[in-house]
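Worksheet: the structure to be examined is printed underneath.
The values are calculated or read from the model by the stated rules, or taken from the named source; none is laboratory data. What you see is a predicted model; the values in this text were computed from it and never measured. Glycine gets a Cβ as well: all are built from the backbone with ideal geometry, and neighbour counts include every protein chain shown.
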Amino acid sequence: MIRFEPSKNKAWNNQEKKGVCKTCGIIFYCSPSDKSVYCSRRCRKTAIQKICKRCGKSFMIWSSRVKRGRGIFCSKKCRDTKQVNNCFNCGKLFLRPQCLINIGWNKYCSKKCKDIKQKKENHPRWKGDEVSYGGLHDRVRAQRGRPHKYACADCGNQAEDWSNVDGKYGKDVYKDFQPRCRPCHRKYDLALRINHA
């Protein structure tokens, strides 16, 4: 038990431990067996003094919040203050909050500009002709849409898949792929394998 005055209990006389709180510096008394270094639960959380990156004002924050990545700004106002950035695509000036700049959202003024700048060869993950099977089908869907919009090239029913024409997986999404229903797609692929074997 922690007290801010010495106890009147005669059994504890001259044996009480006198401590100074690590957080606030207040002198407190506790039993000889108590190992406390804080005067209260609030001080036990150990607030840390930090300096705001935006305004330079010092503020107190719990150490547990600092461990979770907080404690950079003193208030929401400072955190959400917007900064001026140049768009990498159109060069237009735009405002973006610091919290979004911290995660890298400060390059483009809009999704439209990002899509224009990072299209095909300019995209950081563009593989060109080294594209995988799934990536090639994604390109077909992006340029021609889903196969459900089309009729099957063989039977005329609603298509379910994009079927490769010659088994070589060329890069032309209009010449090298046709819409087919699932049964026709299986038959067509089986015939291709037999012909190539």
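Quick look at the values:
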read-out	value
Yes/no for Arg141 being of a type outside the set (Val, Ile, Thr) and in a helix (DSSP H, G or I)	yes
Failed criterion for Cys90 (all others in (1) surrounded by 14 or more Cβ atoms within 10 Å (Cβ to Cβ); (2) closer than 25 Å to Val173 by Cα hold)	(2)
Test: residue in the range 165-172 that is touching an Asp or Glu at 6+ places or on another chain (Cβ under 6 Å) and within 25 Å of Ala191 (Cα to Cα)	yes
Residue satisfying condition, being under 17 Å from Tyr133 (Cβ atoms) and modelled with pLDDT under 90, within set Lys175, Lys171	Lys171
Residues of the range 126-143 that turn out to be surrounded by fewer than 10 Cβ atoms within 10 Å (Cβ to Cβ) and closer than 12 Å to Val173 by Cα, as a count	1
Those residues of the range 166-197 which are acidic (Asp, Glu) and exposed (fewer than 14 other Cβ atoms within 10 Å of the Cβ), in sequence order	Asp166, Asp172
Output for the range 132-164, where each listed residue is over 20 Å from Arg186 (Cβ atoms) and not charged (D, E, K, R)	Ser132, Gly135, Ala142, Gln143, Gly145
Unmet requirement for Gln83, which otherwise passes all of (1) touching a strand residue (DSSP E or B) at 6+ places or on another chain (Cβ under 7 Å); (2) farther than 18 Å from Lys53 by Cα; (3) among the polar types (S, T, N, Q)	(2)
Lone qualifier among Arg125, Arg186 - being assigned to a helix (DSSP H, G or I) and more than 30 Å from Arg54 (Cα to Cα)	Arg186
Among residues of the range 34-60, those that are out of contact with any helix residue (DSSP H, G or I) (no Cβ under 9 Å at 6 or more places or on another chain), surrounded by 13 or more Cβ atoms within 10 Å (Cβ to Cβ) and closer than 27 Å to Lys18 by Cα, counted	5
Sole residue being of a type outside the set (Asp, Glu), within 35 Å of the chain's Cα centre (by Cα) and more than 27 Å from Lys127 (Cα to Cα), chosen from Lys187, Lys171, Lys149	Lys149
Any chance Ser63 is modelled with pLDDT under 80, in contact with a strand residue (DSSP E or B) (Cβ under 7 Å, 6 or more places away or on another chain), loosely packed, with under 14 Cβ neighbours inside 10 Å and among the small types (Gly, Ala, Ser)	yes
Check on Gly134, more than 24 Å from the chain's Cα centre (by Cα) and either part of a loop (DSSP other than H, G, I, E, B) or in contact (Cβ under 8 Å) with a residue 40 or more places away in the chain (or both)	no
Every residue from the range 61-75 that is at negative phi and touching a helix residue (DSSP H, G or I) at 6+ places or on another chain (Cβ under 7 Å)	Phe73
